[in-house]
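The values are calculated or read from the model by the stated rules, or taken from the named source; none is laboratory data. Here the structure is a predicted model, which is why all the values come from computation and not from measurement. In this analysis, Cβ positions are derived from the backbone assuming ideal geometry, glycine residues included, and neighbour counts consider all displayed protein chains. Side chains included, ligands, DNA and RNA excluded: accessible areas come from the protein's heavy atoms. Shrake-Rupley method; radii C 1.70, N 1.55, O 1.52, S 1.80 Å.
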Amino acid sequence: MPRPGITPVQFNEAMAEFVSAGSSPSKVTLKMLAERLPASNSTLVKMRNAYLEAHPETKPVARELPIDIVASIESYGDRRESVAREELGNQLAQAKAAEVALLTETKELGDELEEVRATSAQLGSRNSELTGQLEQQVREIAELKDMLSKVQGRLSLTERDFHAAQAIAQAADGRVQEIRSSADRQMEQLRAELAQARAGQVDAERRVASAVSEAAAAKAHLVGLQEAQASRQSHLDEVQASVRRLEPEAVRAAAAAAEVDGLKREVARQDETIAMLRDLCARPAGAVATPATT
């Protein structure tokens, strides 16, 4: 980073302080100036040269001294001047080299500054883009919060409806249990009635079979009597009497057959009722049962 600049007045004041301290202006080095003044080497060299040109050193002539001593002093002064000029030339070369290095560094720093400015511009553009995205995300988050609030409201309503439906389902399940219990009792009663009807049907069938058997025997006997009528005319009255005795049994057999048919129809209706009750018990709660057609 380059040093801040100084004014010629500040440089002249510093040189005056060195001269007051007993230093010759030509003996003041760049190192001494750099320790006192916050400036670059190139600036110090330029101001030092300008100062030396504006304040030339005068050599006092010692007229009272011998000529050889004066010559020796002048020779010594010339040698010192030559050394000082050489030193000043070296310092000037160093200052020029430092100036070139500083110029190179300044150019590099300028390039870096341009890169930093370009990067800063890119970062500014990216920052604007990210700011827009952030604002968009903030709006989306606000919309999502609003949607979440609405969903939570609908969820509350749904939970309330669910609890109401659950209560209705529990009541319906209780009703179904009652219907099933009632249907079970009715089925047990129907099974008992069916067992009784089947027992009556068996008894009626037995009596019908007995009556049919007796009727068949009577018919066979009547046929035998008719065939043997010529030879058994004397027994005709007895056979007719026997037939007359069997007629009430035949009538009872016909009545028993009609009763059996009635019992069969009753059993069929009871079977249909049992099937309907079984279908009702198997249906889910709320389903409507279709009555069976007899």
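Just one residue in the set Pro8, Pro25 is of a type outside the set (Lys, Arg), over 21 Å from Leu103 (Cβ atoms) and at pLDDT below 90; that residue is Pro25.
Considering the range 74-91, and only residues there that are at pLDDT below 75 and over 14 Å from Lys27 (Cβ atoms), the residue that is least open to solvent (accessible area, probe 1.4 Å) turns out to be Asp78.
Pairs linking a residue in the range 213-229 that is under 13 Å from Glu249 (Cα atoms) to a residue that is open to solvent by less than 60 Å² (accessible area, probe 1.4 Å) and at pLDDT 70 or above, with Cβ atoms under 6 Å and 6 or more positions apart or on different chains, are Ala215/Ala250; Ala218/Leu246.
The number of residues in the range 204-230 that are modelled with pLDDT of 75 or more and either in contact with a Ser or Thr (Cβ under 8 Å, 6 or more places away or on another chain) or surrounded by 13 or more Cβ atoms within 10 Å (Cβ to Cβ) (or both) comes to 4. Pairing each residue of the range 75-92 that is touching a residue at least 60 places away in the same chain (Cβ under 8 Å) and of a type in the set (S, T, N, Q) with any residue that is assigned to a helix (DSSP H, G or I) and open to solvent by less than 80 Å² (accessible area, probe 1.4 Å), provided the two are 6+ apart or on different chains, yields C-beta distances under 8 Å for Gln91/Leu30; Gln91/Val45.
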